[in-house]
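Here is the structure we will look at.
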Amino acid sequence: MARIVMKFGGTSVGDIERIKRAAARVKTEVEAGNEVAVVVSAMSGETNRLVDLTRNTAAMHDTREYDVVVATGEQVTIGLMSMALQDIGVNARSWMGWQLPVRTTDVHGSARILGIETDELIRRFGEGQVAVVAGFQGLAANGRVTTLGRGGSDTSAVALAAALKADRCNIYTDVDGVYTTDPRIVPRARKLDRITYEEMLELASLGAKVLQTRSVELAMNHGVRVHVRSSFVEDEGTLVVDEEEIVEQQMVNGVTYAPNEAKVTLRNVPDRPGVSAGIFGPLADANINVDMIVQNVSEDGSTTDLTFTVPRENLDRAKKVLDSVRETIAWSEMTADPGVVKVSIVGVGMRSHVGVAKTMFQALAEKGINIQVITTSEIKVSVLIADEYTELAVRALHTAFGLDAD
Ligand code: ADP
Ligand code: ASP
Ligand code: MG
């Protein structure tokens with residue numbers, strides 16, 4: 001007997017047929033003698049619809065009320081899933097985030113889970129009951145409903161698995177595992193049987209939306225065994241594991257892209273101490289996450305050009321913040337380009353191989369793709385390029401690192 005968390009994403013509960021199919025899979029696990037908690041997302045498209053409703057009602061809205069609206073998608077699916085389970089003879093009940101509760105911070109729209117109370121769930125496991133828990137939502141200390149950021153049901157599932165000390169956390173989705181790159185843009189992407197937590201963390205944070213970044217962080221910190229699987233076919237999927245569990249290390253295991261970046265350049269910024277703090281400090285204070293940064297000193301050394309990226313959705317706000325410090329910083333010109341994408345290669349094997357960046361730059365050069373900004377870490381190299389070359393770049397890199405399926 002094992003204790004497992006089974007998470008079904010939006011497409012996997014996208015219509016009644018699919019909910020019934022997911023319920024049948026839950027029943028199989030229950031009949032095998034396992035204790036099961038199910039976490040579900042809203043039906044596919046539903047959260048987008050709810051977000052649009054809030055935007056159309058008021059462009060600048062109260063984020064507490066945003067959470068009240070967007071958290072409703074999951075209420076529907078926990079009810080339907082519980083009914084579907086009961087209908088095939090499985091004892092089940094639904095739980096909203098606030099009913100458990102799933103305690104979170106009060107950062108509405110992107111709250112973090114602080115803890116989940118599980119005593120009642122465990123007591124009911126003892127009576128043979130399946131818990132069907134709403135993903136993506138929680139309760140802040142002030143008594144208000146929160147949501148965890150888009151894709152947050154993955155995080156709900158992993159956090160629940162950690163709190164329940166579950167033996168595994170199965171993430172059922174619309175692809176049959178984690179691939180070397182997004183299989184929707186590279187048909188020759190290869191499924192990985194195993195991937196390390198570290199690589200998965202990089203892939204997720206660099207754009208692969210198959211798992212929410214925070215869920216991988218939690219899994220890594222709590223040693224939760226995450227298994228990404230198809231909700232449509234019985235297949236082994238991909239296991240997220242510690243590095244020691246991987247026998248042969250590839251140099252690069254994944255290629256990913258983040259299309260939601262924007263590039264800002266400030267020209268003729270005086271080259272003196274305190275300038276970077278004077279620019280990036282106010283951006284941080286405005287909760288704008290600056291990612292890639294390059295700085296070029298002018299020939300006479302008196303000024304620099306400063307280029308960096310911010311999330312595209314924050315570009316307008318970033319420009320306002322920068323305008324507000326223009327008096328003190330005295331840069332001469334600001335240009336903004338939302339038409340960029342960050343393409344990255346990831347692999348723990350990079351630690352022990354040289355020449356990875358060279359191969360990357362050559363592959364892009366051969367396709368005539370210009371690199372605007374570069375950043376590296378121990379296990380990844382990212383480049384910023386014009387977004388019209390996204391697919392070309394991802395495919396070229398996938399081939400250059402020998403990742404194409406035969
Ligand atoms: P769910 O609704 O089940 O949470 P998501 O749409 O959030 O599913 O995530 C699954 C999607 O992630 C896939 O349909 C796929 O297009 C995308 N994806 C991006 N990169 C990868 C990758 N490296 N491996 C697998 N899927 C990926
Ligand atoms: N329904 C939420 C979303 O669409 C959470 C999730 O699917 O993980 O972002
Ligand atoms: Mg998702």
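Where a number appears in this text, it was derived from the coordinates with a stated rule and is not lab data. All figures in this text were calculated on a predicted structure; none of them were measured in a lab. No Cβ is skipped: glycine too gets one built from the backbone with ideal geometry, and neighbour counts run over all protein chains shown.
Some notes on this structure:
- Remark: for residue pairs Lys319/Lys380; Lys7/Lys209; Lys165/Lys209, the C-alpha separation exceeds 21 Å in Lys319/Lys380; Lys165/Lys209.
- Shape parameters for the chain, alpha-carbon atoms, Rg then Dmax in Å: 23.0, 79
- Kirkwood Rh in Å, taken over all unlike Cα pairs in the range 284-359: 15.3
- One Cα centroid belongs to the range 215-248, the other to the range 339-406; the line between them spans 25 Å.
- Anchor Lys367: lysines whose Cα lies under 17 Å away (excluding residues fewer than 8 positions away in-chain): Lys342, Lys358
- Checking every one of the chymotrypsin sites (Phe, Trp or Tyr not before Pro) in the range 157-218 against DSSP loop status and a limit of 12 other Cβ atoms within 10 Å picks out no site at all.
- A dipole drawn for the range 175-277 from +1 and -1 charges on Cβ atoms has a positive end, and of Ala262, Ser205, Val228 the residue lying farthest that way is Ala262.
- Zero-based 5 Å bins, Cα pair distances in the range 81-134, whole percents: 5, 19, 23, 21, 14, 10, 7, 2
- From the C-alpha gyration tensor of the range 263-406, square roots of 5λ in Å: 32, 16, 14
- For the range 69-217, share of DSSP beta bridges that run antiparallel, in % to the nearest 5: 55
- Cα centroid of the range 29-89 to Cα centroid of the range 145-176, whole Å: 13
- 5 angstrom amide H check on Val39, placed H, neighbours 5+ away: Met6, Lys7, Phe8, Val133
- Amide H contacts of Val102 (H built 1.01 Å from N, in plane; Pro and chain starts excluded): Leu139 sit under 5 Å, all sequence-distant by 5 or more or on other chains.
- Angle in degrees between helix 16-31 and the longest Cα principal axis of the chain, rounded to the nearest 10: 70
- Over every Cα atom in the range 221-345, the radius of gyration and the widest Cα-Cα span, Dmax, amount to 20.7, 65 Å.
- The relative contact order of the range 354-406 comes to 36 percent, based on Cα pairs under 8 Å that sit 6 or more residues apart.
- For the chain, the Cβ-based charge dipole about the Cα centre amounts to some 580 debye (Lys, Arg positive; Asp, Glu negative; other atoms uncharged).
- In order along the range 174-179, the phi-based Karplus estimate (6.51 cos²θ - 1.76 cosθ + 1.60, θ = phi - 60°) of 3J(HN,Hα) comes to 8, 10, 8, x, 8, 9 Hz; Gly and Pro are listed as x.
- For Tyr179, residues with placed amide H under 5 Å, excluding near neighbours: Leu192
- Taking the DSSP bridge list for the chain and keeping only pairs wholly inside it, about 60 percent are antiparallel.
- Student exercise, the range 232-369 dipole from Lys, Arg, Asp, Glu Cβ charges, in Debye to nearest 20: 740
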